[in-house]
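The values are calculated or read from the model by the stated rules, or taken from the named source; none is laboratory data. All values reported here derive from a predicted model rather than from experimental measurement. Neighbour counts run over all protein chains shown; Cβ positions are idealised from the backbone, glycine included.
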Amino acid sequence: MTIEISDHIRSQVETTPHKPGVYMMHDAEDRVIYVGKAVDLHSRVRSYFQPSSWEHGKERSIASETVELEFIVTDSELEALILEANLIKQHRPRYNVRLKDDKRYPYIKITWADPFPKVFITRRMEQDGSRYFGPYTSSTAVHQTLDLLRRSFPYLTCNREITGQDERPCLYYDIKLCLGPCIGAATQEEYRTMIRGLTRFLEGRSDEVLADLEKRMHEAAEALAFERAATLRDQIQSAQHIVERQKIVSSITADQDVIAFAREEGDACVQIFFVRGGKLLGREYFVLEGTQDEDEREVMAAFLKQFYDEAAYVPSEVLLPARIEEAFIIEQWLKSKRGAKVSLRVPRRGQKRELVQMAADNATETLAALRAQWQADAHKHEQAMAEIQEALDLQQPPTRIECYDISTTQGTEIVGSMVVFVHGVPRKSDYRRFTVRSVHGQDDYASMREVLGRRFHRWRMATEETAPGGGGKDVKGWAKLPDLLIVDGGKGQLSVAAEVLQEYDLLDRVPVAGLAKQREEIFLPGRPKPVLLPRRSQGLFLLQRVRDEAHRFAITHHRQRRRRAGVASQLDSIPGVGPARRKALLKALGSLDGIRAATVGQLAAVPGIPREVALAIKENL
């Protein structure tokens, strides 16, 4: 197959330097379609545009679609590796191997820098002195893990300022899920000792933790503190219950991650076993995209770079099913993250080989289960769209559904939401929020009119920009029209939507419906009676999911605005605090509670806050 390479691309290739770095390839719409790294940028980039490389489908597609090259020179291959991982995460190019979900994975966070550390789940790691464990793929599993651990390590979950002088504790103290430092039932050192045990337990050092708990139980009994000894006994039993679930898989006490993957028809699933101190602490699976036509070693290398870029902990040894070409540079990178040597090993026999095989078997089983689930979901979605098409008398199945909702409280902080489902699945990249500006007071119809008017005004602008000769780019996807537009409400909201569509000459092109919640009635223009889908139909389930998602998205934005407005009003009422100082305070201290808890000295340390204003803040809050 012959590919015509433009003179512009040939010129860019020839001027690419013979230095290490990262290259990015852009298509005609200026999207990054591939990111790669190289020790010699010139040689690597040039290879894509040689006929000998076009035998492979991926290289041929990249070469034919690339209209612009971009490169960043680095001082070393290690720097190039780190930059490549960051750029893939940022652009998610379709020809790179990448983790399927672009959402952030959950972590367990322990706020170790606080006097009384708290434990909770977060999706963002920060350099704030906290300890992190993860990432995990299932937030439900993390919640279940913490629920179990809390019986042994009753950590704080409230927002009280711990002084040890509160008159009464909360209910969690009474049911033995909190040590009660708020009333002085536990000192700061006792509480931090407990949190230290939780941290070690999450690290896999359960034997040390159990031995420490047993020692403290015996000491309490000898001191005749029988109630304290009984509490420790209960904690030991709960911890032992968790330990019993941890399978001993290795006689070697080193920490290991065991990684293997399975592929079928373009789908790929990676399985990781977390072995800590010889015990299988847990396992996670990750689904990959863009693995077609990729060598097994390339897939594994791509996963390692993306996973450990986000991982909270790097073990001393990573076991793999096959050797990868970038092993040396990845080991260097992992060493810089761990602060100690990290080895990538491919075991050939013995216990370690059995572990890799077990991970591979689990990856195969997991992928098979996922593919069956995906196929079942796809069938349900097709059935749902067919039922909606028939019930609403549409010309084609509603592949793209847009739904709109309004959220307000007594006419304040009015917001609108637009959610998009494609083939029955939420497309969150196309979601949009609208802050309603022209409506004052409670008027949902006028609010819906503004939201829909702005949406289709942007459609008109986008289509004009993307028309031949327009020169613009449909960056946000406003030019895409829905196959079905839904408004949350009955005849009133439907008539508003129909009027807006008529204004833009779209009423004949965009089917519209109003979904009333009370009886799940579907109202259509020109029909006096509503349509009722069967209660157990897949079509109704899909419409309900779309409507509920629009409501959730709208109300979340509304609450955020109300919260910000409440914080602003409280701070703006303080003499000497205006928008600039309010912003500085929130940036430095995080929230109104953080400002309230800060000392006068801490407030005065915020840039732009004089001491007299800090005193006024403390007095008013």
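Is at least one residue of the stretch 194-202 in contact (Cβ under 8 Å) with a residue 12 or more places away in the chain, more than 27 Å from Tyr308 (Cα to Cα) and among the small types (Gly, Ala, Ser)?
no
So that you can scan it fast, the table gives a plain yes or no per residue for (1) among the acidic types (Asp, Glu); (2) in contact with a Gly (Cβ under 6 Å, 6 or more places away or on another chain); (3) assigned to a helix (DSSP H, G or I):
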position	(1), (2), (3)
Ala360	no, no, yes
Gln373	no, no, yes
Ala384	no, yes, yes
Glu390	yes, no, yes
Val420	no, no, no
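Would you check which residues across the stretch 98-111 are surrounded by 15 or more Cβ atoms within 10 Å (Cβ to Cβ) and free of Cβ contacts under 8 Å to residues at least 40 places away in the same chain and list them?
Pro106, Lys109, Thr111, listed by residue number.
Restricting attention to the stretch 496-524, which residues are part of a helix (DSSP H, G or I) and either farther than 12 Å from Leu452 by Cβ or in contact (Cβ under 8 Å) with a residue 24 or more places away in the chain (or both)?
Correct list: Val496, Ala497, Ala498, Glu499, Val500, Leu501, Glu503.
Taking the conditions exactly as written (in contact with a helix residue (DSSP H, G or I) (Cβ under 7 Å, 6 or more places away or on another chain), free of Cβ contacts under 8 Å to residues at least 40 places away in the same chain and not small (Gly, Ala, Ser)), does Tyr308 satisfy them or not?
It is true that Tyr308 is in contact with a helix residue (DSSP H, G or I) (Cβ under 7 Å, 6 or more places away or on another chain), free of Cβ contacts under 8 Å to residues at least 40 places away in the same chain and not small (Gly, Ala, Ser).
Does the stretch 402-414 contain any residue that is at pLDDT 90 or above, under 30 Å from Glu29 (Cβ atoms) and not hydroxyl-bearing (Ser, Thr, Tyr)?
Checking the stretch 402-414: at least one residue is at pLDDT 90 or above, under 30 Å from Glu29 (Cβ atoms) and not hydroxyl-bearing (Ser, Thr, Tyr).
Hey, among Leu355, Leu334, which residue is closer than 17 Å to Asp255 by Cα and at pLDDT 90 or above? Give the steps one after another, and end with the answer.
On the way: Leu355 fails: at pLDDT 90 or above.
One residue alone meets the criteria, Leu334.
Take the conditions outside the structural domain of Tyr285 (by TED's automatic domain parsing), over 35 Å from the mean Cα position of the chain (by Cα) and among the hydrophobic types (A, V, I, L, M, F, W, C) and apply them to Ala141. Does it pass?
The answer is no for Ala141.
Using the structure shown, decide if Leu69 is closer than 30 Å to Thr15 by Cα, at pLDDT 90 or above and crowded, with 18+ Cβ neighbours inside 10 Å. Break it down stepwise before answering.
Working: closer than 30 Å to Thr15 by Cα: yes; at pLDDT 90 or above: yes; crowded, with 18+ Cβ neighbours inside 10 Å: yes.
Spelling it out, Leu69 is indeed closer than 30 Å to Thr15 by Cα, at pLDDT 90 or above and crowded, with 18+ Cβ neighbours inside 10 Å.
Filter the stretch 591-615 down to residues that are within 22 Å of Asp128 (Cα to Cα) and loosely packed, with under 12 Cβ neighbours inside 10 Å and give me whichever is nearest to the chain's Cα centre (by Cα).
Pro607
I'm checking my understanding of the structure. Among residues of the stretch 476-491 that are closer than 20 Å to Pro528 by Cα and modelled with pLDDT of 90 or more, which one is surrounded by the fewest Cβ atoms within 10 Å (Cβ to Cβ)? Show your work before the answer.
Applying the first criterion (closer than 20 Å to Pro528 by Cα) to the stretch 476-491 yields 484-491.
Okay, now just the ones that are also modelled with pLDDT of 90 or more, so 484-487.
Details: Leu484: 24, Leu485: 27, Ile486: 27, Val487: 28.
Looking at the filtered set, the residue picked out is Leu484.
Rundown of residues vs (1) among the small types (Gly, Ala, Ser); (2) touching a residue at least 40 places away in the same chain (Cβ under 8 Å); (3) buried (at least 17 other Cβ atoms within 10 Å of the Cβ); (4) within 24 Å of Asp309 (Cα to Cα), yes/no style:
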| position | (1), (2), (3), (4) |
| --- | --- |
| Ala113 | yes, no, no, yes |
| Arg131 | no, yes, yes, yes |
| Tyr155 | no, yes, yes, no |
| Pro169 | no, no, yes, no |
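Within the stretch 508-537, track down each residue that is under 19 Å from Val420 (Cα atoms) and either buried (at least 20 other Cβ atoms within 10 Å of the Cβ) or among the aliphatic types (A, V, I, L, M) (or both).
Selection gives Val510, Pro511, Val512, Ala513, Gly514, Leu515, Ala516, Ile522.
How many residues are of a type in the set (Ser, Thr, Tyr) and within 36 Å of the chain's Cα centre (by Cα) if we restrict to the stretch 17-52?
Total meeting the criteria: 4.
For Arg10, indicate whether it is closer than 16 Å to Arg60 by Cβ and either outside any strand (DSSP E or B) or without any contact (Cβ under 8 Å) to a residue 24 or more places away in the chain (or both).
no
Across the stretch 171-193, which residue is surrounded by the most Cβ atoms within 10 Å (Cβ to Cβ) among those that are charged (D, E, K, R) and either touching a residue at least 60 places away in the same chain (Cβ under 8 Å) or within 30 Å of Leu281 (Cα to Cα) (or both)?
Here the answer is Arg192.
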